[in-house]
Amino acid sequence: MTVNARTYQRSDGDAVGGLGDCPRGSWPLWARWNDELDQHYTLGVEEELMLLEPHHWSLAQSSDRVLARLSGELSAHTFPETHAAVVELATGIHPDVGGVVVELASLRNRLACELGAMGLAVAAAGTHPLTVREETEVSGAVRYRGLNDSMRVLARREPTMALHVHVGAPDPGDAIRLLNGLRRNIPVLLALSGNSPFWQGRDSGFASARTVIFQAFPRTGPPRFFADYADYVDTVDELIASGAIPDPSFLWWDVRLQPALGTVEVRVMDAQSRVRDITPLVALIQSLARLELEGDASSVVPSPEVLAENRFLAARDGMDARLIDPAARCLIPVRDMLDSLLADCRPHALALGCAGALEGVPRLAAANGADRQRKFAALNRHLDGLAASFADQFLGPHGRASVAHDDRRRQSDPTERSGTCAAGSHTPVPPS
């Protein structure tokens, strides 16, 4: 099992439709559920990161060159994305929030260090605040050349960057329960994680402009409610067996199943500029997962129309949003919804060992990434330094200073190489 999988075996074509009555062993190959880990609530994190030219903080269309030059250890955790200015950093598998966050911070440190040796910088946010479509290039990776052919002009819009959290579910029945339950919380997670207010040099009016830009792709947004795993397989196999899409990774839903990994992947959140903002989000998702499977989770199934409207309101207004309460049929502050969720999640966070991390959620709710970006713009009266501020936040309190120190050390001692950067976790990430 690996957190990041780029290829899957497709169905052999024998099971095309009517899979609901098929025994588990008769599922198409893409739907065979990975249960090797046999542990619930394990975690893996993927974050899409922007490559930057540090002289003027524009996007560096360099992912092909960067990926070819990374050290062996780091290359096992770093992958191409749709756009040539973006790479994806992926952790290994961890049982707890602390472990996955420590590894992510270490991987960030190593990546920034190795990129610094290449004359580049790296940062995280939902969008680059100044880039425009004309500057965009598509990655040269095989998957994304094919995506470019399929999506055409949609693949050549400005890059967007997201944070993905995988939660382990050894049983596909439990995975469907998680998918159905977590979709209810898509708007709250989106409001909390909004970190892309600026688009093409202007304030978009949205806390998460990334959401509305990315939804130009097909197969995005909330998944529908599925009766069981057979219902899911039957539905998705119509797309795969027909050849319309190659595999389930071309479903870009806000929450999706990853059968080859044995995980439920939460994808609705903007990339976070600081690791300290990722920590409470991961804790909230892990706690919500346990609440869905072992607690008194809500039995309300919001209609597709309510879920879609709440998602729009959350993307637009962030933590100032007022969302539809489907039971009361009125608008209520998203902050009230979040407070209720936190109260439900705290016992589960305690059982999982992430209670302290969960208590970071109110801090993030008080000033998320979108709020901080707008504050920066108001204080500076322009956006020119905003991308540089993302790079400063990427490594935590010491920012780029720690990378600069490592660079000076390598220059003064030729024996120092990028390997002097803090190594990432040795959690194995086997090839997918």
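The values are calculated or read from the model by the stated rules, or taken from the named source; none is laboratory data. Since the structure is predicted, the reported quantities are computational estimates derived from the model, not experimental observations. No Cβ is skipped: glycine too gets one built from the backbone with ideal geometry, and neighbour counts run over all protein chains shown.
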For residue 15, indicate whether it is modelled with pLDDT under 90, within 18 Å of the chain's Cα centre (by Cα), of a type in the set (A, V, I, L, M) and assigned to a loop (DSSP other than H, G, I, E, B).
no
Scanning segment 230-276 residue by residue, the ones that are among the charged types (D, E, K, R), outside any strand (DSSP E or B) and under 30 Å from residue 123 (Cβ atoms) total 3
Any residue in segment 184-195 that's at negative phi: show its pairings with residues that are modelled with pLDDT under 95 and not in a helix (DSSP H, G or I) at Cβ separation under 7 Å, as long as the two are six or more apart or on different chains.
184/298; 184/302
(1) within 22 Å of residue 144 (Cα to Cα); (2) not in a strand (DSSP E or B): which one isn't true of residue 205, the others all being true?
(1)
Scan segment 69-93 for residues that are in contact with a helix residue (DSSP H, G or I) (Cβ under 9 Å, 6 or more places away or on another chain) and without any contact (Cβ under 8 Å) to a residue 60 or more places away in the chain and jot them down.
69, 70, 75, 78, 84, 87, 89
Cβ contacts < 8 Å: first residue of a type in the set (Asp, Glu), restricted to segment 127-153; second residue surrounded by fewer than 17 Cβ atoms within 10 Å (Cβ to Cβ) and in a loop (DSSP other than H, G, I, E, B), any location; separation 6+ or different chain. Result?
none
Looking only at segment 142-190, which residues are under 26 Å from residue 288 (Cα atoms), out of contact with any strand residue (DSSP E or B) (no Cβ under 8 Å at 6 or more places or on another chain) and of a type in the set (Gly, Ala, Ser)?
173, 181
Go through 280, 302 for me and flag whichever is touching a Pro at 6+ places or on another chain (Cβ under 7 Å) and of a type outside the set (A, V, I, L, M, F, W, C).
302
Suppose we keep only residues that are without any contact (Cβ under 8 Å) to a residue 60 or more places away in the chain and touching a strand residue (DSSP E or B) at 6+ places or on another chain (Cβ under 7 Å) within segment 196-219. Which one would you say is farthest from residue 368 (Cα to Cα)?
219
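Table: residues versus (1) more than 30 Å from residue 71 (Cα to Cα); (2) modelled with pLDDT under 95; (3) surrounded by 15 or more Cβ atoms within 10 Å (Cβ to Cβ).
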residue: 336; (1), (2), (3): yes, no, no
residue: 340; (1), (2), (3): yes, no, no
residue: 399; (1), (2), (3): no, yes, yes
residue: 419; (1), (2), (3): no, yes, no
residue: 425; (1), (2), (3): no, yes, yes
residue: 432; (1), (2), (3): no, yes, yes
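Yes or no, residue by residue, for (1) under 17 Å from residue 162 (Cα atoms); (2) not basic (Lys, Arg):
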position: 256; (1), (2): yes, no
position: 259; (1), (2): no, yes
position: 262; (1), (2): no, yes
position: 268; (1), (2): yes, yes
position: 273; (1), (2): yes, yes
position: 282; (1), (2): yes, yes
position: 290; (1), (2): no, no
position: 298; (1), (2): no, yes
position: 302; (1), (2): no, yes
Among the residues in segment 115-125, are any over 20 Å from residue 265 (Cα atoms) and within 16 Å of the chain's Cα centre (by Cα)?
yes
In segment 149-177, which residues are surrounded by fewer than 17 Cβ atoms within 10 Å (Cβ to Cβ) and farther than 30 Å from residue 97 by Cα?
149, 150, 152, 153, 154, 156
Would you check if residue 68 is surrounded by fewer than 17 Cβ atoms within 10 Å (Cβ to Cβ), modelled with pLDDT of 85 or more and of a type in the set (Gly, Ala, Ser)?
yes
Is there a residue being among the aliphatic types (A, V, I, L, M), more than 16 Å from the chain's Cα centre (by Cα) and closer than 21 Å to residue 312 by Cβ anywhere in segment 232-247?
no
Considering only segment 235-252, I want to know if a residue exists there that is modelled with pLDDT of 95 or more and of a type in the set (Phe, Trp, Tyr).
no
Exception for residue 280 within (1) under 23 Å from residue 171 (Cβ atoms); (2) modelled with pLDDT of 95 or more falls at (1)
Residues that are polar (S, T, N, Q) and either under 19 Å from residue 269 (Cα atoms) or surrounded by 18 or more Cβ atoms within 10 Å (Cβ to Cβ) (or both), drawn from segment 301-316:
310
Tally the residues that are under 28 Å from residue 88 (Cβ atoms) and of a type in the set (Ser, Thr, Tyr), restricting the search to segment 264-313.
3
For segment 38-63, which residues satisfy the criterion of being of a type in the set (A, V, I, L, M) and part of a loop (DSSP other than H, G, I, E, B)?
60
Do you know which residues across segment 206-257 are under 26 Å from residue 26 (Cα atoms) and among the acidic types (Asp, Glu)?
228, 231, 234, 237, 238, 247
Considering only residues that are within 24 Å of the chain's Cα centre (by Cα) and part of a loop (DSSP other than H, G, I, E, B), which ones fall in segment 211-229?
215, 216, 217, 218, 219, 222, 223, 224, 225, 226
What tally of residues in segment 212-243 results from selecting those that are within 24 Å of residue 128 (Cβ to Cβ) and in contact with a Gly (Cβ under 8 Å, 6 or more places away or on another chain)?
1
